[in-house]
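Beneath this line is the structure, given in structure tokens, with notes to follow.
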Amino acid sequence: MTTPAPNHIALLRAVNLAGINKIAMADLRELCSGLGLLEPQTLLQSGNVVFKCSASSTARLERMFEEEAKKRLGLTTEFFVRTAAEWKAAVADNPFPNEAKNDPGHLIVVALKDAPDRAAVAALQKAIKGREVVKARGRQAYIVYPDGVGHSKLTMTLIEKTLGTRGTGRNWNTVLKLNALTA
């Protein structure tokens, strides 16, 4: 009998950046196990975990993670949870296939708490001062940073303020690695 693939992905916001919100991936896996989530696997040190569970509400999982991480680990951060099907759809919905193929390190997918409306996405594109391009599909924003993220004026603060929702970003390479873990 084969075990089904992990069916959820959780992304932590702003962990292990310059010594802020430090969490060992072993502690993240232990948190998942302690919450009754099965077979947690982490990817990289930036707070990515895939796991199996029967819960169907990603919002409920996000709240549970946020409360329990604070209680058990002293970690205050936001979690963004997607089902494997939602993640696969986000990969398929990528509006920048050429950039994904030719420059995946400069294509960022921002997982959002809520889907922004068209007017907010248009306002964000208007607010851009550089060559970046943004498009949104559901609860994901796809952003191409042709000159790199580090020097861009298109910051997470501007993105969240303009879209009216919170988010956390991953480059296309990480997006595909997480997708492979759920295959």
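The values are calculated or read from the model by the stated rules, or taken from the named source; none is laboratory data. A quick note: this is a predicted structure, and the numbers were derived from the prediction, not measured. No Cβ is skipped: glycine too gets one built from the backbone with ideal geometry, and neighbour counts run over all protein chains shown.
Checking the conditions here, which among ALA111, ALA120 is in a helix (DSSP H, G or I), among the hydrophobic types (A, V, I, L, M, F, W, C) and on the phi < 0 side of the Ramachandran plot?
Only one candidate passes the filter, namely ALA120.
Consider the stretch 78-106. How many of its residues are part of a loop (DSSP other than H, G, I, E, B) and of a type in the set (S, T, N, Q)?
Number satisfying all stated conditions: 1.
Anything in the stretch 23-77 that is hydroxyl-bearing (Ser, Thr, Tyr) and either part of a strand (DSSP E or B) or in the same structural domain as LYS113 (by TED's automatic domain parsing) (or both)? List them, or say none.
Listed by number, the list holds a single entry, THR42.
Results for (1) within 23 Å of THR42 (Cβ to Cβ); (2) free of Cβ contacts under 8 Å to residues at least 12 places away in the same chain, shown as yes or no for each residue.
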{"residue": "GLU62", "(1), (2)": "yes, no"}
{"residue": "LYS70", "(1), (2)": "yes, yes"}
{"residue": "ALA84", "(1), (2)": "yes, no"}
{"residue": "TRP87", "(1), (2)": "yes, no"}
{"residue": "VAL91", "(1), (2)": "yes, no"}
{"residue": "GLU99", "(1), (2)": "no, no"}
{"residue": "LEU107", "(1), (2)": "yes, no"}
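Under the condition of being of a type in the set (Lys, Arg) and in contact with a helix residue (DSSP H, G or I) (Cβ under 8 Å, 6 or more places away or on another chain), which residue from the stretch 40-89 is surrounded by the most Cβ atoms within 10 Å (Cβ to Cβ)?
Residue satisfying both the conditions and the ranking: ARG82.
Go over the candidates ALA18, ALA100, ALA92, ALA24 one by one and state the one that is modelled with pLDDT of 90 or more and surrounded by fewer than 19 Cβ atoms within 10 Å (Cβ to Cβ).
The match here is ALA92.
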